[in-house]
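A.B. asks: Before I ask anything, here is the structure I am working with.
Read the figures in this text as sums done on the coordinates, not as results from a lab. Keep in mind that this is a model prediction, so the values were computed, not measured. A quick note on method: Cβ atoms are made from the backbone with ideal geometry, for glycine too, and the neighbour counts reach across all protein chains shown.
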2 protein chains.
Amino acid sequence: MRYSRIFGNNTLRHNPSSSKSISYSLLLRGGYVRSLGSGLFALMPLGMRVVDKMKNIIREEMDALDGQEMDLPLVVPQNLWRKTGRDQIIGKELIRFVDRHGHDLVLSSSHLEPITQLARLSINSYRDFPRFLYQFKTKFRDEERVRCGLFRAKEFTMKDAYSFHRSYTDLNNFFPKVFRAYRNIFERCGVEVITAKSAVGSLSGDRAYEFLMECDWGDNYIVKCPSCGYQANLDVAKGYKDIHSGIPRRSEEISTPGCDTKEKLMDYLGVEDFEIAVTTLFKTLSGRVLVVCRGDYDISHEKLSRLLEEPVIGPASEEEVRAEGLVPGFLFPSNEITGFKLVVDDAVAESDNLIVGSDKKDIHLKNASFGRDFESSIVGDIVRIRAASECIQCRTPLEEVRAIEVGNIFKLGDFYPKSIGLSFTEENGEVSYPHMGSYGIGLGRLVTAIVEANHDDKGIIWPHGLAPFNFFLMGIGKSFRVKNVVEKLAEEIGSDVLFDDRHESVGVKFKDFDLLGIPYRIVVSTKGLQDGNVEFYERKTGKSWRVPVEMAVKTCRALSKESI
Amino acid sequence: MRYSRIFGNNTLRHNPSSSKSISYSLLLRGGYVRSLGSGLFALMPLGMRVVDKMKNIIREEMDALDGQEMDLPLVVPQNLWRKTGRDQIIGKELIRFVDRHGHDLVLSSSHLEPITQLARLSINSYRDFPRFLYQFKTKFRDEERVRCGLFRAKEFTMKDAYSFHRSYTDLNNFFPKVFRAYRNIFERCGVEVITAKSAVGSLSGDRAYEFLMECDWGDNYIVKCPSCGYQANLDVAKGYKDIHSGIPRRSEEISTPGCDTKEKLMDYLGVEDFEIAVTTLFKTLSGRVLVVCRGDYDISHEKLSRLLEEPVIGPASEEEVRAEGLVPGFLFPSNEITGFKLVVDDAVAESDNLIVGSDKKDIHLKNASFGRDFESSIVGDIVRIRAASECIQCRTPLEEVRAIEVGNIFKLGDFYPKSIGLSFTEENGEVSYPHMGSYGIGLGRLVTAIVEANHDDKGIIWPHGLAPFNFFLMGIGKSFRVKNVVEKLAEEIGSDVLFDDRHESVGVKFKDFDLLGIPYRIVVSTKGLQDGNVEFYERKTGKSWRVPVEMAVKTCRALSKESI
């Protein structure tokens, strides 16, 4: 391909965006992507070639697990989302609209509901398992904050895959295979990943793992134990909690005028945050729950959802608290007034002499202890661990790293089949529900990670097999001979060479070669031809060597093979 | 691939939809597609394989013209559509929504605006031509009437391509190349197309051709001259018009109480429709125009738009007519009151003694003649031809056939570049605007056409190179020998065979083979194996022949090659 003909060959010397991400800057500068609006991107022909290669790597790994490629619509009936309740859980991120016939529709931000619906039309019997399906499909998420170009766009392409199994055991046996396939994909893409237990979030499932790459602007915080190797996303990580137990003293009401926040209370009473137990009213899909945790911790919605076995929507507003007959800022950890479930963090349950609300305005209760002053059967770890917590397994101080997520896999169980009504007949005639797994890789995130992990200060260095072209060809000198040799080589190397035939200086062409990140540069010069040679140069290592003209094509073939 | 593992292998004996289209019924029954809502479809794994093959045929033809594949977002800023005015011209079909940051967005029903915007960021100089870009991209059109499954869905995938040229001449030279590429694509897909001049519609351009396939439920009406070969879409077709000229009589006002429609007027005065000239107020992007045509013709918006050189939105409502100080139903073909442009159909201009409105309620003017009683410089053919009109070229009576559109190509000129602000610098330093072409093939329409043209009463007969698999393999008999041979053949033939290993009867398997439309069936039976043979059967011709077991794989290889 002649570079002069490529749409988007006007490379940029400077970063046109204010993004912190070097990868986005390089992709923009090299003409791989262009922005068309906030969170809306076009893949230019060079970018398309890279993404096609990524897709083929992913396809190979999916097909090796008997994956079947298919294609779901982006627009789906909102009704399907109502069946799983996710219509309520997912807020503004999900674009809803009504078509001219009055159908409520959504722009899929994920495809769990339609794939389950489709399986309902296709899976009837125990013989119809397993099924492993995947697609490369546009998603739309109206993100509150778009970030770093393709990394977090509103419209993006995801490889999403779904597996259906006859039993939870079958899902458990299949799951590690996808785990390995994912590791292969990232390895082949030149991205070193760490894996971590992660939040299931709005997907409603049993267990999730993230594949992440360390990155200093990452928005994921991963907790790592340097000693035992424990690794988890901060949302779900467990850590050793300090327990402040002691001999329970007599509880008593104290006056705390206007102290409707933890901070005011600490200030007024002159106490530390760990001496307080904060009670909060939370909304869930099925109603309301009271949640109590110690003042030195924050509630993890993820952990709370798991303990409750249902998705948590978020804390109730002041008005919603009042509507339940409670006093905002002075909630007492009890279900007596409201009858709501009470969830107690284990650090509260094990601590003594805490300051809690009293259900009366401007009054708190001092020296409250779980089991005596308040009680619940729902006790567990529902808080985010603090910086420098100790490892729950080996008590080594945990370390925190920033990372970007590039993929995730979920054991979803039978939640979706049960919600959508996907059942099958067992061999013995009984009706049962399949167990599902779901597996995602965002292509924009992956290409971001690839470039973050493979660049230098001059530009991208594509890993083998991902560059838009393997060879970059150019001539130096205006002689007829140079022109002839270059044209001939361009033709003979064929579709895998980018021939820079632009009217630009040698310096500009060298800079663009570095920026584009093509693995090998071939220079035909008047000087080199005097000895019958052309010069090969490897982008990654900076090594250059001479090759006789007549061996140039053969050398390309050999280098191409190596690079697969 | 084992058929038992294919998602969607539950074929249906009867048409589950009420659609008239045999193709949709066969695609549903064979498990190629499934519906997820009104106008919303999923491609099942078998359908995906067919569509991938279609895409590769299209890619080859596009790449042969130096086409570069890319990918635009589906969601684009509405602002781009405002720049071309298409935001106003296109009504409910275009889904508009606002994101959480208040940006007005649309679901692209075509991608002309964003590709032009992107070109604005990439084309600067006369050296940057030509550019030929294409993508396979989801579109969404909130169609008033969805039809025949994939044929007219709300969400669909289109191969859309765009060319940018330095001059109109360059566009004219390039255009026939795409025309030929399109003919190749349809030929390779086994679809016999007719081409016809067509409406530019809301695209705003100079000239358009449609590629259509004759089909008895088609929604396009094509006019053909059996004598000279003239062919055009009914919207733009020209035909010979009867002219009723005569000696102009003195014009006079007549009382026509309540006659505010053509029908009432005919009834009240006892005249024929061709004796009346109807004046209508039309809305255009830039304002209002008065349009007059003879009562025996209907106005073609397409022809009117072309004559005016701007898109016509539609007739004004009664209220809008009144708002201009005019009397609905009694409009006089003059711009005196309003100053609006007057457009006169040539049949009106050449006829005499017509009945026209008077701009006064309940009064018409009799014996009106163009040039004497009303006058305009904008005269042309602005009406749809009537059934059995005579050919404008050779006066042979025209024939009408129904057809479905499978592709279209447009010479757009410089409308989009001028609207979006895409200019470039000429060699002499002058600023100029590129000329554009746009070229579409709807994949859902194409697959519909392929099946409509290639089926019998038992099922689909995929043309060579489009079937999801080239071979369908099955065993008859439960012997160990049969099982062994079948399994071995399945492995050796490889990825191009669908091995029907389901627990179904021979009859069911034969029926499904016929339904799926795979080109060759290979049967391994106890009886055949006694002579060392397997049986090959060709779906298209019904021919069967025996092949020695050990030659079966070689036979497949040979048949595959033939089929490319």
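A.B. asks: Quick check on the range A:42-175: take the gyration tensor over C-alpha atoms, sort the square-rooted eigenvalues as a ≥ b ≥ c, and tell me if it's rounded (a/c under 1.5), prolate or oblate. Walk me through the numbers on the way to the answer.
C.D. replies: On the way: a/c = 1.98, a/b = 1.10, b/c = 1.80.
Since a/c reaches 1.5 but b/c is at least a/b, the shape of the range A:42-175 is classed as oblate.
A.B. asks: Moving on to the next point. For a quick check: with amide H placed at 1.01 Å from N, whose amide H comes under 5 Å from A:Thr256's, ignoring anything fewer than 5 positions away on the same chain?
C.D. replies: A:Ile363, A:His364
A.B. asks: Subtract the Cα-Cα distance of A:Cys228 and A:Tyr240 from 0.36 nm times their separation in residues, and report this length gain in nm to one decimal. Working shown, then result.
C.D. replies: On the way: separation 12, 0.36 × 12 = 4.32 nm, distance 1.42 nm.
That pair, A:Cys228 and A:Tyr240, stretches by 2.9 nm at full extension.
A.B. asks: Report the charge-dipole magnitude of the protein assembly as shown in Debye, nearest 20, computed about the Cα centre from +1 at each Lys and Arg Cβ and -1 at each Asp and Glu Cβ.
C.D. replies: Values: 152 positive and 160 negative charges, 624 e Å.
The dipole magnitude comes to about 3000 debye.
A.B. asks: Taking the Cα centre as origin and putting +1 on Lys and Arg beta-carbons and -1 on Asp and Glu beta-carbons, what dipole magnitude results for the range A:252-381, to the nearest 20 debye? Don't skip to the end; give the middle numbers.
C.D. replies: Numbers: 13 positive and 27 negative charges, 72 e Å.
Using Cβ point charges on Lys, Arg, Asp and Glu, the range A:252-381 gives about 340 debye.
A.B. asks: Any idea which of B:Leu269, B:Leu489, A:Ala316 is furthest toward the positive side of the dipole for the protein assembly as shown, if Lys and Arg beta-carbons carry +1 and Asp and Glu beta-carbons -1?
C.D. replies: Farthest towards the positive pole: B:Leu489.
A.B. asks: Counting only other chains, and only Cβ atoms inside 10 Å, what mean value do you get across the residues of B:61-73? Numbers along the way, then the final one.
C.D. replies: Working: counts 0, 0, 1, 0, 0, 3, 1, 10, 5, 11, 12, 7, 15.
Shielding by partners across B:61-73 averages 5.
A.B. asks: Next question. Select from the range B:329-429 those GluC sites (Glu not before Pro) which occupy a DSSP coil region and have at most 12 other Cβ atoms within 10 Å, ordered by residue number. Walk me through the numbers before you get to the answer.
C.D. replies: Working: sites: B:Glu336, B:Glu350, B:Glu375, B:Glu390, B:Glu399, B:Glu400, B:Glu405, B:Glu426, B:Glu427; in loops: B:Glu336, B:Glu375, B:Glu426, B:Glu427.
Sites meeting the loop and neighbour criteria: B:Glu336, B:Glu427.
A.B. asks: To one decimal in nm, how far is B:Arg145 from the same spot in the other copies, if labels go 7 Å from Cα toward Cβ? Please give the shortest first.
C.D. replies: When each copy's label point is compared with this one, the spacings are 5.1 nm.
A.B. asks: Hey, got the average number of other protein chain Cβ atoms within 10 angstrom for residues in B:39-48? Let's see the in-between values first.
C.D. replies: Numbers: counts 5, 10, 3, 13, 6, 7, 8, 2, 2, 6.
Partner-chain Cβ atoms within 10 Å, mean over residues of B:39-48: 6.
A.B. asks: Once label points are set 7 Å from the Cα along Cα→Cβ at both A:Gln530 and B:Ser432, what is their separation, rounded to one decimal in nm?
C.D. replies: With each label placed 7 Å out from Cα toward Cβ, I get 4.2 nm.
A.B. asks: Now for a separate question. If I histogram all Cα-Cα distances within the range A:252-381 using bins 5 Å wide from 0, what percent of pairs lands in each bin?
C.D. replies: Going out from 0 Å in 5 Å bins, the range A:252-381 shows 2, 11, 23, 25, 22, 12, 4, 1 percent.
A.B. asks: Taking 25 Å as R0, compute the FRET efficiency from the Cβ-Cβ separation of B:Thr169 and B:Thr425 and round it to 0.05. Walk me through the numbers on the way to the answer.
C.D. replies: Values: r = 19 Å, r/R0 = 0.75.
The formula returns an efficiency of 0.85 here.
A.B. asks: Would you mind giving the mean number of other chain beta-carbons within 10 Å of the Cβ of each residue in A:149-162, as a whole number? Present the calculation step by step, with values, prior to reporting the outcome.
C.D. replies: On the way: counts 0, 0, 0, 0, 1, 7, 6, 1, 2, 0, 0, 0, 0, 1.
Rounded to a whole number, the mean comes out at 1.
A.B. asks: Over what distance in Å are the Cα centres of the range B:450-468 and the range B:478-504 separated?
C.D. replies: If you average the Cα positions of each part, the centres end up 24 Å apart.
A.B. asks: On to the next question. Quick check of the Kirkwood formula: for the protein assembly as shown, what is the inverse mean of 1/r over all pairs of different Cα atoms, in Å?
C.D. replies: Working: mean 1/r = 0.0291 Å⁻¹.
The Cα-based Kirkwood calculation yields 34.3 Å.
A.B. asks: Same structure again: Under the convention of a label 7 Å out along Cα→Cβ, give the distances in nm from B:Gly380 to the same position in every other copy, shortest first.
C.D. replies: Output for B:Gly380: 7.3 nm, nearest copy listed first.
A.B. asks: Amide H of A:Val76: which non-local residues (sequence gap of 5 or more, or other chain) have their own amide H closer than 5 Å, using H built in the peptide plane?
C.D. replies: For A:Val76, the qualifying residues are A:Val106, A:Ser108.
A.B. asks: What is the distance, in nm, between label points placed 7 Å from the Cα along the Cα-to-Cβ direction at A:Asp362 and at B:Asp260?
C.D. replies: So the two model labels end up 7.2 nm from each other.
A.B. asks: Here's a follow-up. Measure off 7 Å from each Cα along the Cα-to-Cβ vector at A:Val506 and B:Glu320, then give the distance between these two points in nanometres to one decimal.
C.D. replies: 6.6 nm
A.B. asks: If you line up the long axis of helix A:506-516 against the longest principal axis of chain A, both from Cα atoms, how many degrees apart are they, to the nearest 10?
C.D. replies: Tilt of helix A:506-516: around 40 degrees.
A.B. asks: Output needed: Cys residues of chain B lacking any neighbouring Cys C-beta below 4.7 Å, sorted by number.
C.D. replies: Singleton cysteines: B:Cys148, B:Cys189, B:Cys215, B:Cys259, B:Cys293, B:Cys556.
A.B. asks: Could the peptides A:518-530, B:511-523 be put in order, highest first, of the mean number of other beta-carbon atoms found within 10 Å of their residues?
C.D. replies: Numbers: A:518-530: 19.9, B:511-523: 22.6.
The most tightly packed comes first, giving B:511-523, A:518-530.
A.B. asks: While we're on this one: Choose one of B:Leu443, B:Asn79, B:Tyr433: the residue whose Cα lies farthest towards the positive end of the charge dipole of chain B (beta-carbon charges +1 Lys, Arg; -1 Asp, Glu; about the Cα centre).
C.D. replies: B:Leu443
A.B. asks: Taking the highest mean first, how do the peptides B:23-34, A:94-105 order by number of other beta carbon atoms within 10 angstrom per residue?
C.D. replies: Result, highest mean first: B:23-34, A:94-105.
A.B. asks: Along the charge dipole of the range A:252-381, Cβ charges K/R +1 and D/E -1, which of A:Ile299, A:Leu326, A:Thr280 sits furthest on the positive end?
C.D. replies: A:Leu326
A.B. asks: 7 Å along Cα→Cβ for the label point: how many nanometres lie between B:Arg249 and each equivalent label in the other copies, listed shortest first?
C.D. replies: The answer, with the shortest distance listed first, is 11.6 nm.
A.B. asks: Only residues of the range A:324-357 count here: report those whose backbone N is under 17 Å from the spot 7 Å along Cα→Cβ of A:Arg249, or say none.
C.D. replies: Under 17 Å, as judged by backbone N against the label point of A:Arg249, lie A:351-357 of the range A:324-357.
A.B. asks: Next question. Placing unit charges on C-beta atoms (Lys and Arg positive, Asp and Glu negative, everything else neutral), compute the dipole magnitude of the range A:469-562 about its Cα centre in debye, rounded to 20.
C.D. replies: Details: 16 positive and 14 negative charges, 43 e Å.
The dipole of the range A:469-562 has a size of about 200 debye.
A.B. asks: In the range B:116-158, which GluC sites (Glu not before Pro) fall in coil by DSSP and have 11 or fewer other Cβ atoms within 10 Å? Intermediate results must be reported in sequence, preceding the final value.
C.D. replies: On the way: sites: B:Glu143, B:Glu144, B:Glu155; in loops: B:Glu143, B:Glu144.
Filter output for the range B:116-158: B:Glu144.
A.B. asks: Please state the shape class of the range B:15-86: rounded when a/c is under 1.5, otherwise prolate if a/b exceeds b/c and oblate if not, all from the C-alpha gyration tensor.
C.D. replies: Working: a/c = 2.74, a/b = 1.38, b/c = 1.99.
Oblate, since a/c reaches 1.5 and b/c is not below a/b.
A.B. asks: Show me A:245-258, A:449-462 ranked by packing, highest mean number of other Cβ atoms within 10 Å first. Can you show the working numbers first?
C.D. replies: Working: A:245-258: 12.0, A:449-462: 20.5.
Highest mean packing first, the order is A:449-462, A:245-258.
A.B. asks: Can you compute 3J(HN,Hα) from phi for each residue in the range A:211-223, using the Karplus curve 6.51 cos²θ - 1.76 cosθ + 1.60 with θ = phi - 60°, rounded to whole Hz and x for Gly and Pro?
C.D. replies: Running phi through 6.51 cos²θ - 1.76 cosθ + 1.60 with θ = phi - 60° gives 10, 10, 10, 4, 6, 6, 9, x, 9, 10, 10, 10, 9 Hz.
A.B. asks: Using 0.36 nm per residue of separation minus the Cα-Cα distance, give me the extension gain between B:Ser544 and B:Asp456 in nm, one decimal.
C.D. replies: On the way: separation 88, 0.36 × 88 = 31.68 nm, distance 1.78 nm.
This chain segment gains 29.9 nm when fully extended.
A.B. asks: Here is a further query. Only helical DSSP H runs with n ≥ 4 go in: add -39500 (n - 2.57) per run for chain A, normalise by residue count and round the 222 nm mean residue ellipticity to 500 deg cm²/dmol. Please report the intermediate quantities before stating the final value.
C.D. replies: Details: 16 runs with 153 residues, N = 564.
Helix contribution divided over all residues of chain A: -8000 deg cm²/dmol.
A.B. asks: If you don't mind, there's one more thing I want to ask. Using a ≥ b ≥ c from the Cα gyration tensor of chain A (square roots of the eigenvalues), is it rounded, prolate or oblate, where a/c under 1.5 gives rounded and otherwise the larger of a/b and b/c decides, a/b for prolate?
C.D. replies: Details: a/c = 2.60, a/b = 1.93, b/c = 1.35.
Prolate.
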